[in-house]
Amino acid sequence: MIEIKVPELAESITEGTIAEWTVKTGDAIEKGETIAELETDKVNVEIKSDFSGVIQELLAEPGDNVVVGQVIAKLGEEGASAAAEAAPKEEAPKAEEAPKAEPAKETAPAETPAAEEKKAGKSRTVASPAARKKARELGIDLDEVSFRDPMGRVRVEDVEAHSQAKNAPKAEAPSKPAAAPSKPAAAAPVQDDARVERIKMSRRRQTIAKRLVEAQHTAAMLTTFNEVDMTAVMDVRNRRKDAFFKKNGVKLGFMSFFTKAVIGALKSFPLLNAEIQGDEILLKKFYDIGVAVSTEEGLVVPVVRDADKLSFAGIEKEIGDLGKKARDNSLGLKDLQGGTFTITNGGIFGSLYSTPILNTPQVGILGMHTIQRRPVVVDDNDTVEVRPMMYIALSYDHRIVDGKDAVQFLVRVKQLLEDPEDLLLEG
């Protein structure tokens, strides 16, 4: 009998949650075949078998927490399945000699394949990982959920709609006193419960919550603000966007400008590209920029490696690829590990002003916000013009970054964005 264990994942990940099994007891599998999906703090990981054989036993249920090295399944030799099927045939003559044993066999008929799938908790319905997780949390069978996707894929909103429809009759139950005449006092709690939905936090959401609280408890976090006149950047984008797309096959967005500006400022103020380890400061002389991406499962921060060595097109392509992988829930651990500084853009949701929280152990994070046209003074003659303005925020760890450096860092980002030529030369 071969034991299948939870593999080593990464230094910072020691446990996970079984999201779903992709096999069931009795299935024959090949070496390298995926048998389960494991939800970790950061990403979902496929567990593959290192051996070929037949699944003899699954030792964990979907939703169970498991640790690295824990046995989660047992695998038999490939001939085990045939031997198991042949066993009843060999015993058949004995059953005729002992007729009393025959009724026992008749009372336990073999389960149909559909029943076995149901017992294993595996659905044939096509659904997004987020929808499967929501269905598990709400105890809903995906086969019963109606979908609106023309491709037949069940999404989170379909599961939620099914849950609301399923729970609607429960709210009306108290209005039928005849249903439970012997326990009239039980009606009040049911009514109260119907107005509250208890949802278990996903492992990723728990990790996000833990890290955000940890950042505020361990770092001396402070935020400074400034505003950027986006006229020059928007002018460059409008003039060059068509040629840029034709040449590179990717749109020219704001993120490449901000990434270059941040790198230019980090070179001038290196303590914002560092971290604290005990009583030492670890200065990083490379620029792996994390870009916060919002997904159905919560915020993730994939990393653009060596961003200082990439062109504007290279940055845009890398951010686009990482964003797509994040939304498709296909990010790997290597996509999320490391990072020396983070950029987050609340402006895409309409945020005008915010104080971003540090992505520890990093000591700096830049917050972008929505572009708003408003009157500003543009020269020494007090001329007032309506300009596209954006508030930017820098949260930093005051333990190693002084206020003067933080303010000047943000001023440098502003200068580079308002003068794209300077940005191209120094960013």
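Of note:
- Here the label points at THR355 and ASP235, each 7 Å from Cα along the C-beta direction, are separated by 3.6 nm in the simple model.
- With N the number of residues in region 289-330, Rg(Cα) / (2.2 N^0.38 Å) evaluates to 1.14.
- FRET efficiency, 1/(1 + (r/R0)^6) with R0 41 Å, evaluated for ALA194 and VAL407 via beta carbons: 0.20
- Rg/Rh for region 203-426 stands at 0.96; both radii use Cα atoms, and Rh follows the Kirkwood definition.
- Relative contact order [Cα under 8 Å, 6+ residues apart], region 203-426, whole percent: 30 percent
- Listed pairs LYS31/LYS324; LYS309/LYS334; LYS200/LYS324 exceeding 21 Å between Cα atoms: LYS31/LYS324; LYS200/LYS324
- Sorting 137-143, 296-302 by their mean Cβ neighbour count within 10 Å, with the most densely packed peptide first, gives 296-302, 137-143.
- Shown is the FRET efficiency for LEU283 and HIS398, computed with R0 = 25 Å from the Cβ-Cβ distance and rounded to the nearest 0.05: 0.90.
- Modelled FRET efficiency - R0 45 Å, PHE51 with LYS324, Cβ distances, 0.05 increments: 0.85
- Protection-proxy order for peptides 280-288, 261-269, each taking the mean of Cβ atoms within 10 Å per residue, highest first: 261-269, 280-288
- The listed peptides 329-341, 357-369, ordered by packing as a protection proxy, come out as 357-369, 329-341 (highest mean of other Cβ atoms within 10 Å first).
- Taking a ≥ b ≥ c as the square roots of the eigenvalues of the alpha-carbon gyration tensor, region 325-407 is classed oblate because a/c is 1.5 or more while a/b is no larger than b/c.
None of the figures in this text is laboratory data; all of them are computed from the coordinates on show. What you see is a predicted model; the values in this text were computed from it and never measured. We place every Cβ from the backbone using ideal geometry, glycine too, and count neighbours over all the protein chains shown.
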